[in-house]
Amino acid sequence: KTIRALAGQGHNIELVVSKAALYAASLELEEDLSSPDSFIKSLPADIQEKISLHRISDVGCAIASGSFPTDGMIIIPCSMATVAAISYGIADNALRRAADVTLKEERQLILVPRECPFSQLHLENLLRLSKLGATIIPPLPAWYTRPKTVSDIEDFIVGKVLDALKIPHTLYPRWGLSCKE
């Protein structure tokens, strides 16, 4: 949904997909997403056009360089292994190197952590990243929006990510516009 929302507003997407993300998505979406290419092919053609794919093993890809301009970086979902690696400056793959560069260049880094509950170690790593300038957006529903479907909850989470990047959207109703006391 995040990719669809960004592409739908004309944003180009520099995409890195880890093997673990593909595995989880395959299980959760019940689709064969055995490679990043299969993931991209599962998207509509107009969205595919907006995506540049970077291989996870390519630490020399464009987004791994501070001279490559980006508006920011979103890691959604973000595993606790990735949180830990980024928080300690371990830039051993394209995703982690791009996150390291994003922090170094003082660009917006948004992490949507994939874990529940958080251990003390998870919280310490997330706090370290927050202190370094990352924005942490746990995928929590907002009940004031009165979600009726899982899609409504997803829209709220993606909307909060877009809010952090200051990208206008209408994915969820704003506080005060949907609530009755």
message: Can you give me the distance in nm between label points at D71 and L132, each placed 7 Å from the Cα along the Cα-to-Cβ direction?
response: 2.4
task: Within the range 2-17, find all residues whose amide N lies under 14 Å from a label point positioned 7 Å from the Cα of R107 along Cα-to-beta-carbon.
output: 12-16
statement: Computed ³J(HN,Hα) along the range 132-141: with the Karplus parameters 6.51/-1.76/1.60, θ = phi - 60°, integer Hz and x for glycine or proline, the list is 7, x, 6, 9, 9, 10, x, x, 10, x
query: Between F118 and W143, what length comes free when the chain is fully extended (0.36 nm per residue of separation minus the Cα-Cα distance, one decimal in nm)?
result: 6.9 nm
field: Computed [θ] at 222 nm, helices only, for the chain once each DSSP H run of length n ≥ 4 contributes -39500 (n - 2.57)
entry: -11500 deg cm²/dmol
statement: So, relative contact order of the range 1-89 in percent, Cα under 8 Å, 6 or more apart, is 29
- line: Restricting to Cα pairs under 8 Å and 6 or more apart, the percent relative contact order of the chain works out to 17
- prompt: How do the peptides 123-132, 105-114 rank, highest first, by the average count of neighbouring beta carbon atoms within 10 Å per residue?
  reply: 105-114, 123-132
field: Three-way shape call for the range 98-172 based on the alpha-carbon gyration tensor, with the a/c threshold at 1.5
entry: oblate
- request: Once you've got the Cα coordinates, tell me which of K1/K131; K1/K166; K19/K148 are over 26 Å apart.
  value: K1/K131; K19/K148
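Every read-out reported here was derived from the displayed coordinates using simple, explicitly stated rules and does not represent laboratory data. These numbers come from a predicted model, not from an experiment. Note that each Cβ is placed from the backbone with ideal geometry, even for glycine, and that neighbours are counted across all protein chains shown.
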